[in-house]
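Colleague: What follows is a single structure, and I will ask about it in a moment.
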Amino acid sequence: MSGGGTTTPTPTPATATATLDVLGGSGASTTSISALEIGQGVAVIKDAKGQPASGVIVKFAETGGSLLTISPAAATALTDGSGRAVVEVRAASTTSLGATTLTATATVGGATVTGQKSIAVSSAPTTSTTDPQAMAAALNFLDANPADKSIVIKGAGGNGRSESATLRFRVVDKNNSPLQGVVVNFSVNPEVTLNIVSATSDSDGVVLTTVSSGTTATVAIVVATVNGRSISTQSDQLTVTTGTATQAGFDLAATKYNLDSRFSGDKSTITVRIVDANGNPVSDGVPVVFTSDFLAVGSSSRGGCVTSGGACSVDLVVQDPRPADGQYVTVTASTRVGSSTSISKSVQFTADDVARIALYDGPSSGAAQIGALSLGSGKCGVAQVVSLFAGTPSAFPAPSGSSVTVRSSSTDLAVALNSPATIDDLVAIPRQRSRVDLQFTPSASACAAGTAFVDVTFTSPNGVKQVSTLTITTVP
């Protein structure tokens with residue numbers, strides 16, 4: 001800048017960062033671990049705004065003398081909500097002594113960031129006893145499989161559903177080094193079965209047990225105790241839930257029950273929801289088969305669906321074969337429980353043509369079709385309401401969502417609709433025609449005997465119209 005002014009430095013763009021620390025067996029930051037100690041590599045990843053970056057894959061590696069073993073074997077971890085990614089680090093062997101460097105690398109917003117820390121691996125401390133049982137100082141719960149710590153009750157297993165779980169614990173000494181040859185006993189609440197009651201730790205200090213579900217939904221906690229010692233710990237909670245489908249918990253619902261048979265492609269979505277005897281949604285992956293005596297149900301790839309979250313859906317689509325007036329479309333959903341028991345439920349639909357709709361003096365079969373009305377001798381200008389019923393000759397309703405409009409041919413006779421302008425979706429069995437209330441108001445001129453015509457028009461949701469014409473006679 002001329003004139004003796006100062007030049008403002010260009011700010012350095014902010015970038016993402018990675019930091020790495022190593023924690024010893026005590027959980028404190030350290031620059032040294034023993035050859036038998038189990039430590040942790042903890043990387044913290046932040047974005048260019050300095051905020052924790054969650055869901056980022058961090059790759060850990062040793063850049064110094066091949067002295068370390070990183071667990072998991074892939075040497076990768078995913079950052080959590082605080083931007084932390086953690087792996088386990090330990091000496092590759094009891095003779096892997098010296099100095100090395102641990103690095104953590106991640107990609108954030110297209111930028112690669114790296115953190116590192118150098119540590120020393122020292123010889124393991126000596127101990128005054130060689131009895132592993134006496135050397136045990138702590139038990140740590142490691143993990144459970146399935147990873148979501150959830151199994152289904154006995155008899156409900158299948159694809160993706162397990163009735164048993166494996167739980168792992170680790171025995172360590174006062175230096176947090178794994179101990180081999182330690183006997184550990186297990187216990188669990190009685191609603192589940194403990195398959196391994198006692199185990200001996202391996203070279204990694206790991207013991208495992210398995211549990212199997214019973215017939216009761218519960219929460220199970222496995223307690224591990226060093227044999228002969230007052231050293232124990234417990235697992236995370238293991239949920240035992242989601243049994244087999246029950247007939248009482250088999251529910252069907254649809255988005256529409258009265259379809260338009262004239263319109264190919266008109267559809268209703270049918271949803272099945274299933275719970276077990278405990279009221280819990282069944283596990284994902286339960287297959288449900290659908291059948292129908294008319295129209296088409298399901299998809300081209302399958303005639304049914306597979307549950308997710310205890311429910312699944314298919315479409316019932318209008319096409320040939322279509323039912324005649326008075327014939328129900330019966331859709332049945334079913335699934336199998338075990339090798340011999342099937343449970344099912346049916347739901348009935350109508351699929352009728354708006355062209356069949358007329359007005360009747362009653363909602364059920366046997367009522368007479370109405371084509372003419374006589375209005376009483378009420379005072380001129382007084383509204384009179386007449387209730388009629390719109391439906392088919394077999395007393396089925398119009399397709400749901402059909403609109404109703406009215407129009408008088410005479411200015412001396414006002415007519416209005418005194419009921420909803422849209423035909424409701426009806427589900428009750430037997431179906432009935434829908435009530436239509438017409439309000440007539442004759443003028444002074446109409447009080448003399450005479451006739452007028454009123455058009456009642458029904459329009460299906462797909463645009464098809466049907467007109468019922470009433471001859472109205474006014475009686476003075």
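The values are calculated or read from the model by the stated rules, or taken from the named source; none is laboratory data. Please read all numbers here as calculations on a predicted model, not as lab measurements. Here the Cβ is made from the backbone with ideal geometry for all residues, glycine too, and neighbour counts use every protein chain on show.
Colleague: Considering 440, 458, which residue is of a type in the set (Phe, Trp, Tyr) and under 46 Å from the mean Cα position of the chain (by Cα)?
Modeller: So the residue among 440, 458 that is of a type in the set (Phe, Trp, Tyr) and under 46 Å from the mean Cα position of the chain (by Cα) is 458.
Colleague: While we're on this one: Could you pull out the residue among 187, 212, 264 that is among the hydroxyl-bearing types (Ser, Thr, Tyr), under 28 Å from residue 294 (Cβ atoms) and not assigned by TED's automatic domain parsing to the domain that holds residue 38?
Modeller: Exactly one residue qualifies, and that residue is 264.
Colleague: Further, regarding this structure: Can you go through 415, 354 and tell me which one is closer than 30 Å to residue 330 by Cβ and either crowded, with 17+ Cβ neighbours inside 10 Å or touching a Leu at 6+ places or on another chain (Cβ under 7 Å) (or both)?
Modeller: Values: 415 fails: closer than 30 Å to residue 330 by Cβ.
Only one candidate passes the filter, namely 354.
Colleague: Sticking with this one: Being over 13 Å from residue 410 (Cβ atoms) and exposed (fewer than 13 other Cβ atoms within 10 Å of the Cβ) is the filter; apply it to segment 445-466 and report the residue that is modelled with the highest pLDDT.
Modeller: Top of the filtered list is 463.
Colleague: Among what's in segment 62-80 and is among the hydrophobic types (A, V, I, L, M, F, W, C) and not in a strand (DSSP E or B), pick the residue that is surrounded by the fewest Cβ atoms within 10 Å (Cβ to Cβ).
Modeller: My answer is 73.
Colleague: For segment 81-113, enumerate the residues that are without any contact (Cβ under 8 Å) to a residue 60 or more places away in the chain, under 39 Å from the mean Cα position of the chain (by Cα), farther than 12 Å from residue 19 by Cβ and part of a loop (DSSP other than H, G, I, E, B).
Modeller: Of everything in segment 81-113, those that are without any contact (Cβ under 8 Å) to a residue 60 or more places away in the chain, under 39 Å from the mean Cα position of the chain (by Cα), farther than 12 Å from residue 19 by Cβ and part of a loop (DSSP other than H, G, I, E, B) turn out to be 81, 82, 110.
Colleague: Could you go through segment 302-317 and let me know if any residue there is among the basic types (Lys, Arg), without any contact (Cβ under 8 Å) to a residue 12 or more places away in the chain, part of a loop (DSSP other than H, G, I, E, B) and over 30 Å from residue 136 (Cα atoms).
Modeller: There is at least one residue in segment 302-317 that is among the basic types (Lys, Arg), without any contact (Cβ under 8 Å) to a residue 12 or more places away in the chain, part of a loop (DSSP other than H, G, I, E, B) and over 30 Å from residue 136 (Cα atoms).
Colleague: Looking at 245, 253, which one is buried (at least 19 other Cβ atoms within 10 Å of the Cβ) and farther than 21 Å from residue 193 by Cα?
Modeller: None of the other options fit; the residue is 245.
Colleague: Within segment 320-347, can you find the residues that are surrounded by 15 or more Cβ atoms within 10 Å (Cβ to Cβ) and in contact with a Gly (Cβ under 8 Å, 6 or more places away or on another chain)?
Modeller: The one that is surrounded by 15 or more Cβ atoms within 10 Å (Cβ to Cβ) and in contact with a Gly (Cβ under 8 Å, 6 or more places away or on another chain): 333.
Colleague: In addition: Consider residue 120 carefully, then state whether it is in contact with a strand residue (DSSP E or B) (Cβ under 9 Å, 6 or more places away or on another chain), buried (at least 17 other Cβ atoms within 10 Å of the Cβ) and either among the hydroxyl-bearing types (Ser, Thr, Tyr) or assigned to a strand (DSSP E or B) (or both).
Modeller: The answer is no for residue 120.
Colleague: Write out, first by first residue and then by second, each pair whose Cβ atoms fall under 6 Å of each other, whose residues are 6+ apart or on separate chains, and whose first residue, in segment 431-443, is outside the structural domain of residue 411 (by TED's automatic domain parsing) while the second is part of a strand (DSSP E or B).
Modeller: none
Colleague: I need a count of the residues in segment 250-273 that are in contact (Cβ under 8 Å) with a residue 60 or more places away in the chain and polar (S, T, N, Q).
Modeller: Here the count works out to 3.
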